[in-house]
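> This is the structure I want to talk about, given as structure tokens.
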Amino acid sequence: MYRRGKLFGVDLTDLRLVDHHVHGPAGAGLSRAGFEQAITESDRPVPGWMSTFDSQVGFAIRRWCAPVLGLEPFAAPGDYLARRRELGAAEVNRRFLRAAGVSHYLVETGWSADQLLDPAEVAEVSGARAYEVVRLEAVAEELAVSGVDAAGFASRYATALAERSRHAVGLKTVVAYRSGLDFDPRPPVADEVAAAAGRWLASGSSRLDDPVLSRHIIWAAVELGLPLQFHVGFGDPDVRLHRSDPLLLTDFLELVEPRGVPVLLLHCYPYHRQAGFLAHSFPHVYFDVGLAVNYTGTQAPQVIAESLELAPFAKVLYSSDAWGPAELHYLGAVLWRRSMERILDGTGWPAAEALRIATLIGRDNALRVYGLDR
Ligand SMILES: [Zn+2]
């Protein structure tokens, strides 16, 4: 368990976090190769001449996660993975999720759900509350498999999304991965949707990447009214990073503003300063720098500090975006706490005020936006 040093005035050890965008931990153990692959966002095989432990996230795991498994800080990767195997996946998941100090996990279930714990299992293993966030594209892809015709697509999608998200607290789109954030901001008209659905269904593709259908399902989500998360910026190589600058969403955000639907920009790196501008400008826009915190390790304080330049503190949230190894669920929380302590100490603000601001960002903003029970 992370305990801060005595050097600083602000102590976030006991602040219970809301991880507002996360995926389940892996249900099964991981081989050395599997683990190395899981601590990089690259989907390419790790070359034999390098190790992903030689990276910010790799060093952070050795520094902060080794003690949770009963090892000395900076244990060698081979010893670390041997200890992990000895404990087994269930115990590893239990230790890291309980040590993270998170009271609410908002679990997105739209990608490789069969390999990961589902929200009920996350709640059980962590002792925290867990809620589901539904991925818009996954609902459309399930609908295509279940059999739908082009003319019926729009109404069947609306019904399927409402049904699928009956118990969810939010929705998420990965349009940044599919056609980019530079989509036409207006909702498509019915004829356009039917024509696009006809083309997509005839193509036999299981992946929804048609820009008209992407716009349609995003507007269907706006109709439903749940908080809507957008993947923005850093992710795996499937993303076209130059088309995932959140400023490309500006016109869309203006169109959504009167609807009162909160829009949450996830990750955002390296566009977190652009996201800060949008959060500053629009009352319904929020963002986080999850994922980047884990992957920037010792440089995370700088990234988080940049995310707090323009944005009002009521508009920034905490997330880990952990997926797979439970180390990432824990590490997100440890690195965020350490970073925020350093940043807030540097402000010279009274400790009680600094703690209040950290509590907004780490917890209260998410409780309010998603309407969660304390
Ligand atoms: Zn994610």
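> Measure nothing fancy, just the Cα-based angle from helix 153-164's long axis to the longest principal axis of the chain, in degrees from 0 to 90, nearest 10.
Roughly 30 degrees, rounded to the nearest 10.
> Pick out which of 182, 79, 19 has the largest mean-square fluctuation in a Gaussian network model of the chain, springs linking Cα atoms closer than 10 Å.
Highest fluctuation among the options: 79.
> Give me the one-decimal nm value for the distance between modelled label points at residue 259 and residue 72, 7 Å along each residue's Cα-to-Cβ direction.
For the pair residue 259/residue 72, the computed spacing is 5.7 nm.
> Just need the relative contact order of the chain here, percent rounded to a whole number, with Cα pairs under 8 Å and 6+ apart.
Working: 694 pairs, mean separation 82.1, N = 374.
After rounding, I find 22 percent.
> Continuing with this model, one more query. Can you list which of the trypsin sites (Lys or Arg not before Pro) found in the stretch 107-214 are DSSP loop residues with at most 14 other C-beta atoms within 10 Å? Display every interim value, and only then the final one.
Details: sites: 129, 135, 156, 164, 166, 172, 178, 199, 207; in loops: 166, 207.
Sites meeting the loop and neighbour criteria: 166, 207.
> Moving to a separate point now. What does the extension gain come out to for residue 31 and residue 91, with contour length at 0.36 nm per residue minus their alpha carbon separation? Walk me through the numbers on the way to the answer.
Working: separation 60, 0.36 × 60 = 21.60 nm, distance 1.62 nm.
Contour length minus Cα-Cα distance gives 20.0 nm.
> Among residues other than residue 98 whose Cβ falls under 13 Å from its Cβ, what is the net charge (Lys/Arg +1, Asp/Glu -1)?
Numbers: positive: 16, 94, 95; negative: 91, 124.
Its environment carries a net charge of +1.
> Give me the percent relative contact order of the stretch 1-138, please, defined on Cα pairs under 8 angstrom at least 6 residues apart.
Working: 171 pairs, mean separation 44.8, N = 138.
It comes to 32 percent, rounded to a whole number.
> If Rh is defined by the Kirkwood formula over all Cα pairs and Rg also comes from Cα, what ratio Rg/Rh do you get for the chain?
Rg/Rh: 0.97.
> What number, rounded to the nearest 500 deg cm²/dmol, is the helix-based mean residue ellipticity at 222 nm of the chain, given -39500 (n - 2.57) per DSSP H run of at least four residues and division by all its residues?
Computed mean residue ellipticity for the chain: -12500 deg cm²/dmol.
> Scan around residue 71 for amide H atoms under 5 Å from its own, H built in the peptide plane at 1.01 Å from N, and keep only partners 5 or more places away or cross-chain.
none
> Just add up the charged neighbours of residue 120: K/R +1, D/E -1, any other residue whose Cβ is under 12 Å from the Cβ of residue 120.
Working: positive: 129; negative: 118, 121, 124, 132.
It works out to a net charge of -3.
> Need one number: % antiparallel among DSSP beta bridges in the chain, to the nearest 5. Don't skip to the end; give the middle numbers.
On the way: 1 of 26 bridges.
The antiparallel proportion sits near 5 percent.
> Taking a ≥ b ≥ c as the square roots of the Cα gyration tensor eigenvalues, with a/c under 1.5 meaning rounded and otherwise prolate when a/b beats b/c, else oblate, which class fits the stretch 176-245? Intermediate results must be reported in sequence, preceding the final value.
Details: a/c = 1.99, a/b = 1.25, b/c = 1.59.
Judged from the Cα gyration tensor, the stretch 176-245 comes out oblate (a/c at least 1.5, b/c at or above a/b).
> Considering only 188, 301, 47, give the residue with the highest GNM mean-square fluctuation for the chain, with springs between Cα atoms whenever their separation is below 10 Å.
Among 188, 301, 47, the largest mean-square fluctuation in the Gaussian network model of the chain belongs to 47.
> Summing Lys, Arg as +1 and Asp, Glu as -1, what charge do residues with Cβ under 11 Å from the Cβ of residue 43 carry, residue 43 excluded? Present the calculation step by step, with values, prior to reporting the outcome.
On the way: positive: 44; negative: 41, 236, 238.
That sum, taken over residues with Cβ under 11 Å, equals -2.
> What spacing in nm lies between the two simple spin-label points modelled at residue 54 and residue 111, each 7 Å away from Cα in the Cβ direction?
Between residue 54 and residue 111, the label points sit 2.7 nm apart.
> Taking 0.36 nm per intervening residue step and subtracting the Cα-Cα distance, what contour gain separates residue 190 from residue 162 on full extension? Write down the numbers at each step before the final one.
On the way: separation 28, 0.36 × 28 = 10.08 nm, distance 1.90 nm.
Contour length minus Cα-Cα distance gives 8.2 nm.
> Which loop trypsin sites (Lys or Arg not before Pro) in the stretch 9-64, with loop taken from DSSP, have no more than 16 other Cβ atoms within 10 angstrom of their Cβ? Provide the component values of the computation, followed by the final result.
On the way: sites: 16, 32, 62, 63; in loops: 16.
Answer by residue number: 16.
> Another one. Quick check: residue separation of residue 151 and residue 16 times 0.36 nm, minus the Cα distance between them. What number comes out in nm?
Details: separation 135, 0.36 × 135 = 48.60 nm, distance 4.79 nm.
Extending this stretch completely gives an extra 43.8 nm.
Readers should treat all values here as calculations from the given coordinates under stated rules, not as data from a laboratory. Given the structure is predicted, the values throughout are model-derived calculations rather than measurements. FYI the Cβ positions are ideal-geometry reconstructions off the backbone, even for glycines, and counts take in every protein chain you see.
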